[in-house]
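Each remark here refers to the structure printed beneath this line.
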Amino acid sequence: MTSTQALGSVDLYWIPLGAGGHVVRLNGKVYEAIKAFIEQRPRRALLHSALEVSVPDGRFVIESAPIRDQGGRERGVVAEGPVGTRWAGRFRLFRYEIRRWGGGSIPDANEAIGSPLRVTNDLARAQRVLDLVPSVPTPVWGRDELHTGDMWNSNSLISWLLSCAGVDTDQIQPPSGSRAPGWDAGLVVARRSGPSVRV
């Protein structure tokens with residue numbers, strides 16, 4: 001490892017969906033029960049993903065989550081999108097935010113499974129992840145507007161960023177017995193973007 005590579009890193013966190021929030025956890029369990037029944041497979045734990053990126057300028061947390069208040073600037077919010085339907089996105093309750101939070105924290109990181117997972121120690125890739133955050137697509141959360149065969153959500157954000165930044169995502173899998181809905185959507189859209197993604 002060169003000294004340049006040692007200056008940057010990206011860690012992936014797998015967090016149980018709804019950790020710290022009973023409503024989201026219950027909704028996730030209902031969704032997974034229906035999905036497992038339709039696909040005739042066992043139920044699995046659903047996961048939400050987030051990144052912690054370290055570069056010479058500092059440590060940053062990248063995550064997508066519901067908008068909780070007007071303090072987006074303090075959380076490093078760089079983009080927003082609608083939840084459920086576009087028309088509902090007119091109301092803050094039905095919008096999500098994308099954070100690139102300098103010195104921030106990942107809520108419920110203490111409940112993460114098999115984490116943190118170091119996905120790269122390369123400074124150029126770590127910086128590329130940070131630079132790409134404002135450019136991430138913001139389709140309707142929970143829908144497949146981009147026709148990928150998978151819904152768009154927080155996992156899509158993370159997989160899109162890693163893939164577009166040149167991080168090898170082939171070996172990144174959720175822990176055994178769990179799954180990350182939306183992960184494939186991000187990879188599909190990243191492949192479509194290819195080298196045309198600019199920051």
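The values are calculated or read from the model by the stated rules, or taken from the named source; none is laboratory data. In this text, all values refer to a predicted model and were calculated from it rather than measured experimentally. Please note: Cβ atoms are built from the backbone with ideal geometry, for glycine as well, and neighbour counts cover all protein chains shown.
From the list Asp184, Asp170, the lone residue that is surrounded by fewer than 21 Cβ atoms within 10 Å (Cβ to Cβ), among the acidic types (Asp, Glu), more than 25 Å from Ser54 (Cβ to Cβ) and out of contact with any strand residue (DSSP E or B) (no Cβ under 9 Å at 6 or more places or on another chain) is Asp184.
For the condition touching a strand residue (DSSP E or B) at 6+ places or on another chain (Cβ under 6 Å) and modelled with pLDDT under 90, Ser115 qualifies.
Tally time: how many residues in the range 35-66 are modelled with pLDDT under 80 and β-branched (Val, Ile, Thr)? Residues in the range 35-66 being modelled with pLDDT under 80 and β-branched (Val, Ile, Thr): 1 in total. Kindly establish whether Gly76 is touching a Lys or Arg at 6+ places or on another chain (Cβ under 9 Å), buried (at least 16 other Cβ atoms within 10 Å of the Cβ) and not hydroxyl-bearing (Ser, Thr, Tyr). In short, yes. Here's a check for you: in the range 114-135, which residue that is surrounded by fewer than 19 Cβ atoms within 10 Å (Cβ to Cβ) and touching a Ser or Thr at 6+ places or on another chain (Cβ under 7 Å) is farthest from Val61 (Cα to Cα)? Checking each candidate, the answer is Asn121. Restricted to helices (runs of 4 or more DSSP H) entirely inside the range 106-199, those with at least 1 residues that are under 19 Å from Leu47 (Cα atoms) are 154-164, 183-193.
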